[in-house]
Amino acid sequence: QILMEADVNDSQHTDRTLEAQVYIMNNDGTGCRKLLGKDNYTYNNAFISPSGKTIALQHGQTSFVSIPTLAIMPVNGAEKDLINIPFDRTKGGLQWTADEKYLYFTAQSNGGVTLNRVDMQTRKVETLSDFNSGVGSYAQAGDKIVFVKTEVANPFDLYLSDAAGKNAKRGNFF
């Protein structure tokens, strides 16, 4: 299936509308239907799990300055099925692990950008990196994470760590 975000509001100019909805359709383009969407609300950064059973996304009101809420839901679920994951920072770069036990993401915090993960069983967020540096792009596979880390001493160096963010080693690991 294909998951997409859109704003389908013919009554308002696209520069004026702030809402975003999530739609799902078959791979051949048939069966398109709205999964999530309502007035004065946005659903974005939707990311489907490797099994195709769960969606991770962010949602929030459009009329206020706020931090979108991270949530998960079944692919064929509805708004009532959203399970919110409390975390009071702006989140980005959502990535599921292949076994779907964790959902990784980055978040700006205290002047840095941290790498974090949510344990899908407990719904608890664990911060894997420090607050004094910034994690840019990253990729997670198996029991390893490779990521770009920036700090005053070494701007934009490549690091490799275990899946919990421990034992990070800079460069020369290829």
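The values are calculated or read from the model by the stated rules, or taken from the named source; none is laboratory data. Because the structure is a prediction, the values reported are computed rather than measured. Using ideal geometry, Cβ is built from the backbone for each residue, glycine included, and neighbour counts are taken over all protein chains shown. To get the accessible areas, we keep the full protein, side chains included, count just its heavy atoms, and leave off ligands, DNA and RNA. Shrake-Rupley method; radii C 1.70, N 1.55, O 1.52, S 1.80 Å.
Computed values, structure above
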| read-out | value |
| --- | --- |
| 23 Å Cα-Cα reach of residue 124 towards lysines, excluding residues that sit fewer than 8 places from it in its own chain | 53, 80, 91, 101, 144, 166 |
| Pair-distance profile P(r), taking every C-alpha pair of the chain, with 10 angstrom steps and integer % | 9, 34, 32, 19, 6, 0 |
| Region 38-174 - percent of accessible surface contributed by carbon and sulfur, probe 1.4 Å | 52 percent |
| Mean Cβ count within 10 Å, highest first, over the residues of peptides 125-137, 19-31, 95-107 | 95-107, 125-137, 19-31 |
| Where 13, 59 fall by accessible area, highest first, once all protein chains stay in place (1.4 Å) | 13, 59 |
| Average accessible surface area per residue within region 6-57, 1.4 Å rolling probe, Å² | 60 Å² |
| When region 10-75 is reduced to its Cα atoms, the Kirkwood hydrodynamic radius in Å | 13.1 Å |
| Neighbour net charge for residue 62 - beta-carbon separation under 15 angstrom, K R +1, D E -1 | -3 |
| Exposure ranking of 120, 4 by accessible area [1.4 Å probe, largest first] | 4, 120 |
| Hull-based mean projected area of region 127-174, where the convex hull spans the alpha carbons, in square nanometres | 3.3 nm² |
| Fraction in percent of alpha-carbon pairs per bin - 10 Å, region 65-106 | 25, 51, 24, 1 |
| Accessible-area ranking of 91, 34, largest first, probe 1.4 Å | 34, 91 |
| Theoretical gain in end-to-end length, residue 80 to residue 157 [0.36 nm per residue, Cα-Cα removed] | 23.4 nm |
